[in-house]
1. Which one of Glu173, Glu148, Glu122, Glu108 is of a type in the set (Asp, Glu) and surrounded by 16 or more Cβ atoms within 10 Å (Cβ to Cβ)?
2. Considering only residues that are among the polar types (S, T, N, Q), buried (at least 20 other Cβ atoms within 10 Å of the Cβ) and over 17 Å from the mean Cα position of the chain (by Cα), which ones fall in the range 30-74?
3. Are there any pairs with C-beta distances below 9 angstrom linking a residue in the range 19-46 that is under 17 Å from Leu63 (Cα atoms) to a residue that is exposed (fewer than 12 other Cβ atoms within 10 Å of the Cβ) and small (Gly, Ala, Ser), with the two at least 6 apart or on different chains, and if so which?
4. Could you list, in sequence order, the residues of the range 53-82 that are at pLDDT below 95 and among the aromatic types (Phe, Trp, Tyr)?
5. Outside the structural domain of Asn57 (by TED's automatic domain parsing) and more than 14 Å from the chain's Cα centre (by Cα) - does that describe any residue in the range 113-123?
6. What is the number of the single condition among (1) of a type outside the set (Val, Ile, Thr); (2) in contact (Cβ under 8 Å) with a residue 40 or more places away in the chain; (3) farther than 24 Å from Leu91 by Cα that Ser145 does not meet?
7. Can you confirm whether Tyr171 is at pLDDT 95 or above, outside the structural domain of Tyr85 (by TED's automatic domain parsing) and over 18 Å from the mean Cα position of the chain (by Cα)?
8. Just checking, how many residues over the range 151-170 are surrounded by fewer than 18 Cβ atoms within 10 Å (Cβ to Cβ) and small (Gly, Ala, Ser)?
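The values are calculated or read from the model by the stated rules, or taken from the named source; none is laboratory data. Just so it is clear, the model here is predicted, and its values are computed rather than measured. Every residue, glycine as well, gets a Cβ built from its backbone with ideal geometry; the counts of neighbours run over all protein chains shown.
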Amino acid sequence: MRTLKSLAIVLLALFMAGCANPLNQATSDRYSDTCAKAERNGRLDVAEEACYRALVNVDWGNLGEIEKSNKLYNLARIKRLISKYNEAEKLNLESLAIEDKQKTPSNEKVGRRLAELAMLYEQKGQSNLGVPYVKRLFPIADTYSGNERNTVSAILYVYSLKVKEQGDVKYSETLKTKALAMGFDPKILNK
């Protein structure tokens, strides 16, 4: 009888470990809110820690791949902003892989990750590694509006200059034309 009770407890524990934990969901969301607030206030050290804790709670709570992708992306953005490029790259690539394998990938989510990678490689001085991500971003660039649209158009314009330096004048013009059509003002690069 005692063995049967022990087995039941173990099976219950295994079952609960396989289910999403609402406590971890609430904790992860709270850390995500803290991360966003800290980022808005320019406290990137606090944002980094909070985004990390949000991600850890996704794993602890078994909250699923989509939730994990979102937390990876948020942490990757913060890591890029504080120049921890290698960490940001790894996190963003993992998030992109999750998004790409979804039954119906979200163009907006995939595009955000592509844009982050393009910016990261430009900031690292490795824009040649960012070009494939820009090529994937290009066809969905018009999906965005507001600040995201401005960011995407800036990425396209900056990469138009980079690919021109690499000798691909035709693709450079394609990127530049798209960036300008999206409303990018090249004068902001001279400020």
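1. Values: Glu173 fails: surrounded by 16 or more Cβ atoms within 10 Å (Cβ to Cβ); Glu148 fails: surrounded by 16 or more Cβ atoms within 10 Å (Cβ to Cβ); Glu108 fails: surrounded by 16 or more Cβ atoms within 10 Å (Cβ to Cβ).
Of Glu173, Glu148, Glu122, Glu108, the one residue that is of a type in the set (Asp, Glu) and surrounded by 16 or more Cβ atoms within 10 Å (Cβ to Cβ) is Glu122.
2. First pass over the range 30-74, keeping only residues among the polar types (S, T, N, Q): 32, 34, 41, 57, 62, 69-70, 74.
Subsequent filtering for residues that are buried (at least 20 other Cβ atoms within 10 Å of the Cβ) retains 32, 57, 69-70, 74.
The answer is Asn57, and nothing else.
3. From the range 19-46, no pairs qualify.
4. Hit for the range 53-82 is Trp60, nothing else.
5. Checking the range 113-123: at least one residue is outside the structural domain of Asn57 (by TED's automatic domain parsing) and more than 14 Å from the chain's Cα centre (by Cα).
6. The failed condition is (2).
7. Details: at pLDDT 95 or above: yes; outside the structural domain of Tyr85 (by TED's automatic domain parsing): yes; over 18 Å from the mean Cα position of the chain (by Cα): yes.
For Tyr171, the condition - at pLDDT 95 or above, outside the structural domain of Tyr85 (by TED's automatic domain parsing) and over 18 Å from the mean Cα position of the chain (by Cα) - is met.
8. Let us first name the residues in the range 151-170 that are surrounded by fewer than 18 Cβ atoms within 10 Å (Cβ to Cβ), namely 151, 161, 164-170.
Cutting the leftovers down to small (Gly, Ala, Ser) gives us 167.
Count: 1.
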